[in-house]
1. Taking into account only those residues within the range 87-108 that are in contact (Cβ under 8 Å) with a residue 24 or more places away in the chain and part of a loop (DSSP other than H, G, I, E, B), which is farthest from Asp56 (Cα to Cα)?
2. Just for the range 83-124: of the residues that are basic (Lys, Arg) and farther than 16 Å from Gly236 by Cβ, which one is surrounded by the most Cβ atoms within 10 Å (Cβ to Cβ)?
3. Quick check on my filter: what residues within the range 35-64 are assigned to a strand (DSSP E or B) and either of a type in the set (Phe, Trp, Tyr) or over 18 Å from Asp163 (Cβ atoms) (or both)?
4. Out of the range 86-102, which residues are more than 17 Å from Asn278 (Cβ to Cβ) and touching a Leu at 6+ places or on another chain (Cβ under 7 Å)?
5. List the residue pairs whose Cβ atoms are under 6 Å apart, where the first residue sits in the range 1-26 and is touching a residue at least 60 places away in the same chain (Cβ under 8 Å) and over 24 Å from Phe275 (Cβ atoms), the second is surrounded by fewer than 18 Cβ atoms within 10 Å (Cβ to Cβ) and among the polar types (S, T, N, Q), and the two are 6 or more positions apart or on different chains.
6. Between Leu256, Leu282, which is in contact with a Ser or Thr (Cβ under 9 Å, 6 or more places away or on another chain), over 24 Å from Thr36 (Cβ atoms) and modelled with pLDDT of 95 or more?
7. Could you list, in sequence order, the residues of the range 55-112 that are charged (D, E, K, R), farther than 16 Å from Met33 by Cβ and touching a helix residue (DSSP H, G or I) at 6+ places or on another chain (Cβ under 7 Å)?
Amino acid sequence: MTWNILHGANDIVNGKENAIKIIKEIDPDVLLMIETYGSGKSIASSLGYNFHLIADKGTPLDDKNTNLSIYSKYPFGERIDTKYPFYLGGIEIFIDNQKIRFFCNWFHYLPWNNQPEKMGKSTEELLLWEKTGYKYDMIQNVLPYLKKYVAQTDSIPMIFAGDMNSLSHKDWDHRTKTIHNGLVVPWYSTKILDKLGLIDSYREINPNPISHPGITWDNKKRENDSHRIDYIFYKGNSLEPTNSESYMSFFNEPLLINDKEIIYPSDHGFVVTSFDLNKMYLK
């Protein structure tokens, strides 16, 4: 499961408690959290998870300036630290005595437009525009880390998940051009992951972007601002996705999950992917 909980889920009354209820209903083995902001350790403790804060060693686990964290029902291995802990970091997790590397990420939303298809730009101009904000520089900073660990996935699989604040090239192909003003856009932010061999688990399980848009970003106050910007990518022959779903509700409105209504504390939806672990490929 990956979820941006929005400011530590503290923007509504009982927000953190509601986040705990939602996580409990999903009951993921591993959770990659964005906008932890000091809430992570208490949430993990209340649910019985092992907790890893992606931050410099020695950082207090309730530090409100920290963004990313990872929860696990399984034991942790070695930390995977980067120079950019606010937007990429990871840890090894041993599942059935097999090592898997998990990475949590967040990329800046700029440049952003609610309806890029109406900006009056061609495909080529949109791709140039995409590289004008903080997001592109962040991706360049973390690419060496991703290339390093992707190269090792024949023996140690990896999962890379989080809030990319980016549209997907798989959602802007020939099938969706009629709703995107005739445009087919191979958005760099996801295309570069595809070139590395990382697989978008939601779109692999749900290949039709029309019938399964997988929206994780929406707001009633903004017209036509529904997008899929939160992802779970993976690489490794031993990992086989069997199901992937996205869940979405508007901020401070009910989310119906397992026939229960829980007031939603975040402005992001979340993604849940189930994997089979094929041990015949593991060494």
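1. Asp96
2. First pass over the range 83-124, keeping only residues basic (Lys, Arg): 83, 99, 101, 118, 121.
Checking which are farther than 16 Å from Gly236 by Cβ leaves us with 83, 118, 121.
Details: Lys83: 10, Lys118: 11, Lys121: 17.
Ranking the qualifying residues of the range 83-124, first place goes to Lys121.
3. Residues of the range 35-64 that are assigned to a strand (DSSP E or B), as a first pass: 50-53.
Hits for the range 35-64 are Asn50, Phe51.
4. The first filter runs over the range 86-102 and keeps only residues more than 17 Å from Asn278 (Cβ to Cβ), leaving 86-92, 102.
Answer for the range 86-102, where residues must be more than 17 Å from Asn278 (Cβ to Cβ) and touching a Leu at 6+ places or on another chain (Cβ under 7 Å): Gly89, Phe102.
5. Ile12/Asn252
6. Values: Leu282 fails: modelled with pLDDT of 95 or more.
From the options Leu256, Leu282, the qualifying one is Leu256.
7. The initial filter retains those residues of the range 55-112 that are charged (D, E, K, R), namely 56-57, 62-64, 73, 78-79, 81, 83, 92, 96, 99, 101.
Still in the running and farther than 16 Å from Met33 by Cβ: 56-57, 78-79, 81, 83, 92, 96, 99, 101.
Selection gives Arg101 alone.
Conditions (1) under 19 Å from Ile192 (Cβ atoms); (2) more than 20 Å from the chain's Cα centre (by Cα), marked per residue:
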| residue | (1), (2) |
| --- | --- |
| Ser72 | no, no |
| Arg79 | no, no |
| Thr82 | yes, no |
| Leu88 | yes, no |
| Gln98 | no, yes |
| Lys121 | no, yes |
| Leu127 | yes, yes |
| Tyr134 | yes, no |
| Met158 | yes, no |
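The values are calculated or read from the model by the stated rules, or taken from the named source; none is laboratory data. Note that the coordinates shown come from a computational prediction; the quantities given were computed from them, not determined experimentally. Virtual Cβ from ideal backbone geometry, glycine too; neighbours counted across all protein chains shown.
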